[in-house]
Amino acid sequence: MTELHYAVDADGVATITWDVPEKSMNVMSFEGLQELEAGIDAALADDAVKGVIITSGKPDFAGGMDLNILAKMRDDAGDNPAQGLFDGIMAMHVLLRKIELAGMDRKTQKGGKPIAAALPGTAMGIGLEIPLACHRIFAADNAKARIGLPEIKVGIFPGAGGTTRLSWKLGAMAAAPLLLEGRALAPAKAKAAGVIDEVVPAADLLSAAKAWVLGASDADLVKPWDKKGYKIPGGAPYSAPGFPTFVGASAMIHANTWGVYPAAKALLSAVYEGLQVPFDTALKIEARWFTSVLMNPSSSAMIRSLFVNKGALEKGANRPDVPDERVKKVGVLGAGMMGAGISYVSAAAGIEVVLLDASVEAAEKGKAYSTGILDKAIKRGRSTEDKKAALLGMIKTTSDYADLEGCDLIIEAVFEDPAVKAEVTAKAEAVIPDTAIFASNTSTLPITSLAQASRRPEQFIGIHFFSPVDKMLLVEIIKGAQTGARAVAKSLDYVRQIRKTPIVVNDARFFYANRCIIPYINESVRMVAEGVEPALIENAAKLCGFPLGPLQLNDETSIDLGVKIAKATKAALGNAYDNDEADAVLFKLFDEGRLGRKTKSGFYEYDEKGKRGALWQGLRDNWTKPDNQPSVDEVKNRLMMAQVLEAVRALDEGVLEDIREGDVGAILGWGFAPWSGGPFSWLDIIGAKRAVEICDDLEARFGARFQATQSMREMAASGKRFYGKASSAA
Ligand code: NAD
């Protein structure tokens with residue numbers, strides 16, 4: 001065995017210790033499943049073995065399943081991928097059911113061997129599904145541990161019995177937050193919710209599990225659902241208390257997913273149907289729904305972007321081959337909104353920070369942002385005074401450039417003004433080591449031109465964060481014309497240290513993310529100006545799967561920023577600029593002081609506390625033509641194509657070098673319909689031919705901005721796709 005180890009002690013207790021070599025976290029592989037089965041078989045066959053403990057040799061139990069397994073099951077099955085998946089999933093059910101029944105006689109329910117799970121830390125996905133099949137679950141009292149089933153977040157659902165076991169154990173209502181939202185709980189909360197059985201001091205974990213195994217009776221091994229007359233907590237679907245649960249859950253799913261995520265509905269169907277039949281049949285139903293979800297192009301696209309490719313990018317898929325460039329000391333120039341956030345995430349990653357602003361007071365104000373975050377975390381029990389002191393101790397505030405000495409990375413986040421940026425670049429470069437990398441967090445200024453202020457443009461790069469820095473997962477790295485490989489490697493190593501997801505793009509107006517977001521927002525504002533109902537625009541975006549509508553997004557990013565960008569773009573493009581109609585709406589809001597969330601008025605109304613209310617009536621009064629409304633599909637197509645075409649152009653022009661970055665960046669950067677896997681995956685789902693048809697129609701009616709690219713036409717003609725065959729590896 002290489003991933004799980006089997007040993008029997010003098011008291012006849014077998015321990016199966018999961019410990020995948022060279023990994024900090026256990027992840028289930030094909031070999032792992034085989035080894036688990038071999039361990040269980042050995043324990044059940046050996047008369048000297050009285051019971052089993054399944055545990056981990058690492059600080060955590062397991063992070064989940066390697067989702068590549070699912071892709072492989074499907075691909076290996078050739079012409080009949082659904083059958084391949086179903087058979088593979090049923091094989092997992094057979095294994096976990098073997099653990100659950102533990103060799104007992106099914107009639108008398110006697111003679112089984114007790115099997116306990118002992119979880120030292122985090123147990124997610126199949127890392128919880130295996131324990132749920134055991135007879136008792138022990139968890140160490142580990143504050144960092146998280147226990148849950150997060151599958152729904154990557155577009156699937158717990159398909160190794162977790163859906164069925166948890167809903168039968170807790171009842172559909174109580175299981176819903178764990179299954180439908182993928183919520184993970186700390187051990188004490190998981191116990192209170194009934195997910196696990198015992199929380200014990202870490203040092204006692206194995207002894208507590210062993211004592212239980214040695215003392216367990218036959219009756220302790222029989223799962224409630226294997227007992228006659230078991231009543232599901234909260235009631236079965238066709239019972240007075242159960243019925244409203246499912247009506248409510250069905251409505252809630254639709255309210256949250258707008259009908260675009262197949263997994264949530266399939267999960268609910270598996271629970272609903274499963275609760276009406278015997279347990280073994282319920283597992284089979286779960287397997288069928290799971291197969292159907294895995295066969296849905298949305299699920300494969302989500303797994304591909306949010307699991308496989310996101311992981312690959314985080315591990316440095318596009319990192320140049322240069323030695324380790326991890327950052328030890330970062331200088332952050334400008335302690336405003338962005339600089340404050342960058343300091344916090346850097347210090348939280350254990351990197352020493354020098355935070356510089358024009359005055360020490362201004363720098364201190366930036367540092368206070370970290371204090372605020374940490375105070376909140378302490379209040380919620382997620383941090384301690386000691387940790388706060390340690391983190392704040394990592395951030396030195398200053399207005400003196402001499403303090404930047406020894407920084408191996410500088411990130412400037414001063415005002416968006418080339419002259420100010422040039423000044424701070426020169427001043428910093430005068431004191432930092434020759435080898436240091438200098439990065440700009442600019443959102444609009446070309447890196448190549450900013451690099452002119454640098455003495456070493458090959459060490460100058462863009463590291464573009466999104467706001468708020470501590471929440472947004474994406475970081476866009478921008479190569480200027482002269483940026484060298486070491487600067488790229490350093491930026492990637494830094495992004496990895498702060499545990500965000502990087503994409504690397506070339507220098508062009510608005511880089512990648514903003515380049516796509518701006519036309520999307522503009523299209524929505526243009527529709528307001530044309531007289532389209534604002535609510536139709538917002539709802540159409542949600543029907544496309546966006547977490548928030550474009551007008552709300554506009555309020556979040558602020559109207560004045562939109563006005564600033566509009567003016568700068570018009571100045572840069574001259575006669576080629578064609579957005580005056582939409583700008584009229586933006587300028588009116590601006591003139592009326594409706595600057596978005598920050599002024600508690602924008603496209604939406606807000607109450608005193610800043611809670612968002614209805615769309616501003618002024619939009620309808622000034623522009624809407626209620627009697628002349630487009631179809632929902634037309635609005636959806638305009639919103640999607642405005643950004644997707646821009647993504648394709650970015651690829652054609654070489655701004656994007658890798659479609660994986662285009663897809664992952666879109667989902668993490670601006671919430672692009674996660675169900676679709678990103679703009680390129682979406683185009684693969686609808687097909688290039690259909691995409692060109694939509695563009696041709698929109699171009700004829702709304703103008704050249706919707707013109708399909710030559711590359712799309714070629715793909716439509718040849719039947720090619722962005723990703724190879726419908727497989728989950730890029
Ligand atoms: P901000 O106005 O909140 O902060 C800028 C800070 O820089 C201020 O604290 C100011 O005192 C300081 N500063 C200005 N000139 C300085 C100098 N010569 N020396 C030292 N400090 C100086 O701005 P922000 O929103 O944090 O944006 C900063 C940068 O980040 C800009 O380039 C902006 O384009 C970019 N950016 C902003 C966002 C966003 O959403 N706000 C997102 C991505 C990138």
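The values are calculated or read from the model by the stated rules, or taken from the named source; none is laboratory data. Keep in mind the model is a prediction, meaning the values are calculated, not measured. Here the Cβ is made from the backbone with ideal geometry for all residues, glycine too, and neighbour counts use every protein chain on show. Surface accessibility is based on the protein's heavy atoms, side chains included, excluding ligands, DNA and RNA. Shrake-Rupley method; radii C 1.70, N 1.55, O 1.52, S 1.80 Å.
As a rough guide to protection, the peptides 381-388, 346-353, 456-463 ranked by mean Cβ packing within 10 Å, highest first, stand as 456-463, 346-353, 381-388. What's the long-distance tail for region 235-360, i.e. % of Cα pairs beyond 17 Å? In whole percent, the share of Cα-Cα pairs in region 235-360 beyond 17 Å is 74. Taking the DSSP bridge list for the chain and keeping only pairs wholly inside it, about 25 percent are antiparallel. Estimated at the nearest 10 Å², the accessible area of Lys169 is 60 Å² with a 1.4 Å probe. Under the criterion of Cα pairs below 8 Å and six or more residues apart, the relative contact order for region 623-705 equals 23 percent.
Note on Leu214 and Ala402: the extension gain reaches 61.1 nm, defined as 0.36 nm multiplied by sequence separation minus the Cα-Cα distance.
As a length-normalised measure over Cα pairs under 8 Å and 6 or more apart, the relative contact order of the chain settles at 9 percent. For the set Lys310/Lys479; Lys329/Lys421; Lys169/Lys500; Lys365/Lys611, the pairs lying more than 28 angstrom apart at their alpha carbons are Lys169/Lys500. Secondary structure note: in region 1-77, about 40% of the DSSP beta bridges are antiparallel. Gyration tensor analysis over the Cα atoms of region 597-725 returns equivalent ellipsoid semi-axes of 33, 20, 12 Å (largest first, whole Å).
Here the contact order of region 235-360, divided by its residue count and restricted to Cα pairs under 8 Å and six or more residues apart, works out to 15 percent.
Look at where the Cα atoms of region 542-575 and of region 661-678 average out, and the two centres are 18 Å apart. The packing ranking of peptides 548-557, 240-249, highest mean first, is 548-557, 240-249, where packing means the average number of other beta carbon atoms within 10 angstrom of each residue. Rg and Dmax of region 147-289, based on Cα coordinates, read 16.3, 51 Å.
Its Cα gyration tensor gives the chain an equivalent ellipsoid, and the semi-axes of that ellipsoid, as √(5λ) in whole Å with the largest first, are 48, 33, 24.
Taking a ≥ b ≥ c as the square roots of the Cα gyration tensor eigenvalues, region 1-155 comes out oblate, since a/c reaches at least 1.5 and a/b does not exceed b/c.
Under the classification rounded if a/c is under 1.5, otherwise prolate if a/b is larger than b/c and oblate if not, where does region 383-435 fall, given a ≥ b ≥ c as square roots of the Cα gyration tensor eigenvalues? In terms of gyration-tensor shape, prolate.
Average 1/r across all pairs of distinct alpha carbons in region 649-706, invert it, and you get the Kirkwood radius: 12.3 Å.
Is the shape of region 1-66 best called rounded, prolate or oblate, per the rule: a/c under 1.5 gives rounded, else a/b larger than b/c gives prolate, else oblate, with a ≥ b ≥ c the square roots of the Cα gyration tensor eigenvalues? Prolate, since a/c reaches 1.5 and a/b exceeds b/c.
Pairs from the table (Lys427/Lys598; Lys144/Lys189; Lys107/Lys223; Lys427/Lys570; Lys570/Lys689; Lys153/Lys379) lying more than 22 angstrom apart at Cα are Lys427/Lys598; Lys427/Lys570; Lys570/Lys689; Lys153/Lys379.
Obtain the radius of gyration and the Kirkwood radius of region 550-639 from its C-alpha atoms and give Rg over Rh.
On the way: Rg = 14.4 Å, Rh = 14.3 Å.
We get a ratio of 1.00 for region 550-639.
Only helical runs count toward this figure. For the chain, summing -39,500 (n - 2.57) over DSSP H runs of n ≥ 4 and dividing by all residues gives -15000 deg cm²/dmol at 222 nm. Spatial offset of region 489-509 relative to region 189-206 amounts to 39 Å, using the alpha carbon center of each. If you wrap region 367-481 in the convex hull of its Cα atoms and look at it from every side, the mean projected area works out to 7.9 nm².
A probe of 1.4 angstrom, applied to the heavy atoms of all protein chains, finds Trp670 with accessible area near 20 square angstrom.
Reported to the nearest whole Å, the Cα centre-to-centre distance from region 242-287 to region 63-102 is 21.
With both partners inside region 386-502, how many of the DSSP beta bridges are antiparallel, as a percent to the nearest 5? Restricted to region 386-502, the bridges split so that about 30 percent are antiparallel. Nonpolar atom fraction for region 30-72, defined as the carbon and sulfur part of the 1.4 Å probe accessible area, stands at 52 percent. Computed over region 453-501, the Cα gyration tensor eigenvalues convert (square root of 5λ each) into semi-axes of 22, 11, 7 Å, ordered from largest to smallest. Length gained on full extension, Glu530 to Asp697: 58.3 nm, using 0.36 nm per residue less the C-alpha separation.
Each 5 Å bin from 0 upward holds the following percent of the Cα-Cα pairs of region 567-612: 5, 21, 21, 16, 14, 11, 7, 4, 1.
Kindly rank 143-150, 231-238 from highest to lowest mean number of other beta carbons found within 10 Å of each residue.
Top to bottom by mean Cβ count within 10 Å: 143-150, 231-238.
Evaluate region 484-570: find the radius of gyration of its Cα atoms, find its Kirkwood radius, and give the ratio Rg to Rh. Rg divided by Rh gives 1.09.
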